[in-house]
């Protein structure tokens, strides 16, 4: 058995289409993480307005909400590699615009928002195309491990991107944008080099029914509906990350260095779990493992909420990251395997909308709760709510609870 696992892992790591896919995804996500830091610093330096900072997230989210169905159908009708390349080249062009304007000194806030909106449009098309492309580049029977690797690439970008972006911005506001443009161009080249083991056939024409087929598919497949909605409500209630600045400043009293450590802890926990799952896939009781991971996430959120010492808060956040990774890997693998290839783009677009909505609305909900009851009660109530959602979903979706294996 051990030799089979070893051979399988070696085949996964040496599979050239997957290598190109992961590298392209890594460069693209790395640039996106740099973007959040560079734009945030620049907008606040130019406006000194917290409202303007909040508008950055809204401007990026709106294109997803508006274009989700068109983006999903595009991923199913056209070559997903081409869709990704167009998006990455568009993002590179927008980054070059920001680099040029920052270097010359003529860049204005409305121009930054326009570029951010363009990033949002490209992201709305790129995300479902990327998700739908993964099953075509993963070796047969190894989608769960390939998903773990793809998740690890994202977590690595989440850890290193903001730090690199902040350092580069300290040298020059134009430098992080120039780096982003370079990385997105590299990603486009790597995407073009991908060869598919399972070629994509011609797709149906873009009718109204075809555009909304992803919603119909999710609604009529309880396992997928339960999986996607579990993530929506669990993240919506458990969005304690939005309160990290309050914890760092007022509760743990650690200052900026502590905030950086808290933000990195969850990503580090996720990365460690990714490495484990890439070598040791979950082979039985996957449905229960997903629910258990969500419950652990909620419990760790409660521990973080009540903690008044830095080391315990960091540990709780790392456990949250590890538990969330288990849930993400199972959820993504389940959705991909249960969805026909000609529907993966549209279903992925619906999933992407749910994820974005849960992240954005979760931060909004945490902020409202903290304003009404205080940061500690808000985070604790969110963690308890996450556990309650997992227990309720176990009852509402018994077929998901009883799911034994993925591959």
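Couple of notes before you dig in:
Conditions (1) modelled with pLDDT of 65 or more; (2) crowded, with 16+ Cβ neighbours inside 10 Å; (3) over 20 Å from residue 222 (Cβ atoms); (4) under 15 Å from the mean Cα position of the chain (by Cα), marked per residue:
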residue: 347; (1), (2), (3), (4): yes, yes, no, no
residue: 355; (1), (2), (3), (4): yes, yes, no, yes
residue: 362; (1), (2), (3), (4): no, yes, yes, yes
residue: 366; (1), (2), (3), (4): no, yes, yes, no
residue: 371; (1), (2), (3), (4): yes, no, yes, no
residue: 382; (1), (2), (3), (4): yes, yes, yes, no
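- Filter pass, residue 268 being more than 25 Å from residue 403 (Cα to Cα) and modelled with pLDDT of 80 or more: yes
- Look at (1) in contact with a helix residue (DSSP H, G or I) (Cβ under 8 Å, 6 or more places away or on another chain); (2) within 26 Å of residue 381 (Cβ to Cβ); (3) modelled with pLDDT of 75 or more; (4) surrounded by fewer than 24 Cβ atoms within 10 Å (Cβ to Cβ) and you find that residue 290 fails only one, number (4).
- Options 167, 107, 134; residue that is at negative phi and part of a loop (DSSP other than H, G, I, E, B): 107
- Residue match in the stretch 104-113 (condition: farther than 15 Å from residue 173 by Cβ and modelled with pLDDT of 90 or more): yes
- Qualifying residue in the stretch 135-146 (condition: closer than 18 Å to residue 181 by Cα, outside the structural domain of residue 280 (by TED's automatic domain parsing) and surrounded by 21 or more Cβ atoms within 10 Å (Cβ to Cβ)): no
- When residues in the stretch 94-123 are screened for being without any contact (Cβ under 8 Å) to a residue 40 or more places away in the chain and either closer than 28 Å to residue 195 by Cα or under 21 Å from the mean Cα position of the chain (by Cα) (or both), 4 of them pass.
- Residue 160 surrounded by 24 or more Cβ atoms within 10 Å (Cβ to Cβ) and assigned to a helix (DSSP H, G or I): no
- Qualifying residue in the stretch 27-37 (condition: in contact (Cβ under 8 Å) with a residue 60 or more places away in the chain, more than 14 Å from residue 183 (Cα to Cα) and assigned to a helix (DSSP H, G or I)): yes
- Boolean, residue 105 is touching a helix residue (DSSP H, G or I) at 6+ places or on another chain (Cβ under 7 Å), outside the structural domain of residue 330 (by TED's automatic domain parsing) and over 23 Å from residue 333 (Cβ atoms): no
The values are calculated or read from the model by the stated rules, or taken from the named source; none is laboratory data. Just so you know, these numbers come straight off a predicted model, no measurement behind them. So basically every Cβ, Gly included, is an ideal-geometry build from the backbone, and we count neighbours across all protein chains shown.
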